[in-house]
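Some notes on the structure that comes next.
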Amino acid sequence: MQAMVLERLGQPLKFVERPDPAPADGEVRVRVAACGVCRTDLHVVDGELPDPKLPIVPGHEIIGRVDALGRGVDTLQIGTRVGIPWLGRTCGHCPYCRSGRENLCDYPLFTGYTRDGGYATHVVADARYVFALPQSGDDVAAAPLLCAGLIGWRSLQMAGEGNRIGFYGFGAAAHIIAQVARWQGREIYAFTRGSDTAAQAFAKKLGAVWAGGSDETPPEQLDCAIIYAPVGPLVPAALRAVKKGGRVICAGIHMSDIPSFPYSILWEEREVKSVANLTRKDGEEFFAIVPQAGIVTQTVPYPLERANEALSDLRSGKLQGAAVLVP
């Protein structure tokens, strides 16, 4: 197999060849067809997330086909088209797992962070945490759904049922979930970097009723807001934009420090909540509505060996939509 490997934090990934991995009991080996490049991958590579397994193959937005089965796997077959997400395994016995909140498991494994991911030609995964997908479909277009879509779906659920919803940061996740929100009949307000008129035009093309800089005040008070950009100062900005009883959801796994802010913008029962990982139930719900909502992803494909370039383009904000690696 071939893979792009992070050997030291903050350093470029290295292109290496390894023996093909063998699945253990309860695991499957998947030949990767496409792997999305997520902002969380940047946080891993840049050392902003603690204690990654090194060396590590990043990537957790994986589409591929099963090409080997470990002993005891009877839910998948050779050739099944599958998706592999961020949540790679949970313990099943901690209080969170026992109460249906496996996304908060005390002893989890995460794809591309604490177990090898999809920046490779092959990857091994726990069969219980793999999503079986329709056999036909565009693999590159589907890859971002495995994280940007799933975390976006969870954040949308947590935001509540308000009609006016703001998205702070209009990248891979927001461009997917904006389509779901529009399908639900909501009004979309998109906030981008002030100078990013291309992203604002993109948001309007996807149905946003307003798009502007993150330092601007929307023309209407919002019922809720989701922050996808990992920028702490956006939290008080979003609180100022939501109405009484409004909710602000921080959707990223990492965010820069949130500055102090006056209690007055939190008062009147406004809320701030964070999204942690996903559950398998989230995946089942989301993939059921993907065809109903008519989701179309905007992607920029890169060959596997150009993973460093894809990460750089994401870091610098050059991308509209999502980068996807193709082995």
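Kindly indicate which of 63, 84, 78 is without any contact (Cβ under 8 Å) to a residue 40 or more places away in the chain and hydrophobic (A, V, I, L, M, F, W, C).
Every option except 78 fails the conditions.
If residue 166 passes every condition in (1) buried (at least 24 other Cβ atoms within 10 Å of the Cβ); (2) in contact with a Phe, Trp or Tyr (Cβ under 7 Å, 6 or more places away or on another chain); (3) not assigned by TED's automatic domain parsing to the domain that holds residue 220 but one, which one does it miss? Result: residue 166 fails condition (3) only.
Within the option set 12, 50, 95, 23, being farther than 28 Å from residue 173 by Cα and surrounded by fewer than 19 Cβ atoms within 10 Å (Cβ to Cβ) holds for one residue only, 95. If the condition is being surrounded by fewer than 16 Cβ atoms within 10 Å (Cβ to Cβ) and either free of Cβ contacts under 8 Å to residues at least 40 places away in the same chain or of a type in the set (S, T, N, Q) (or both), then the range 285-311 contributes 288, 291, 292, 303, 309. Figure legend. Inter-residue proximity from the range 199-218: first residues closer than 13 Å to residue 181 by Cα, second residues among the acidic types (Asp, Glu) and buried (at least 18 other Cβ atoms within 10 Å of the Cβ), beta-carbon distance below 7 Å, spacing 6+ or different chains. Indicated pairs: 209/187. Evaluate the range 182-195: report whether one residue or more is in contact (Cβ under 8 Å) with a residue 12 or more places away in the chain, among the β-branched types (Val, Ile, Thr) and surrounded by fewer than 19 Cβ atoms within 10 Å (Cβ to Cβ). No, the conditions are met nowhere in the range 182-195. Of the candidates 121, 111, the single residue that is within 17 Å of the chain's Cα centre (by Cα) and either surrounded by fewer than 24 Cβ atoms within 10 Å (Cβ to Cβ) or within 16 Å of residue 85 (Cβ to Cβ) (or both) is 111. Across the range 224-236, the number of residues qualifying as within 14 Å of residue 155 (Cα to Cα) and either outside any loop (DSSP other than H, G, I, E, B) or not aromatic (Phe, Trp, Tyr) (or both) comes to 5.
Filtered by the rule that a residue be surrounded by fewer than 19 Cβ atoms within 10 Å (Cβ to Cβ), of a type in the set (A, V, I, L, M) and not in a loop (DSSP other than H, G, I, E, B), the range 245-273 gives 265, 272.
The values are calculated or read from the model by the stated rules, or taken from the named source; none is laboratory data. Predicted model, so just to flag it, every value in this text is computed and none were measured. For neighbour counting, all protein chains shown are included, and Cβ atoms are generated from backbone atoms with ideal geometry for every residue, glycine included.
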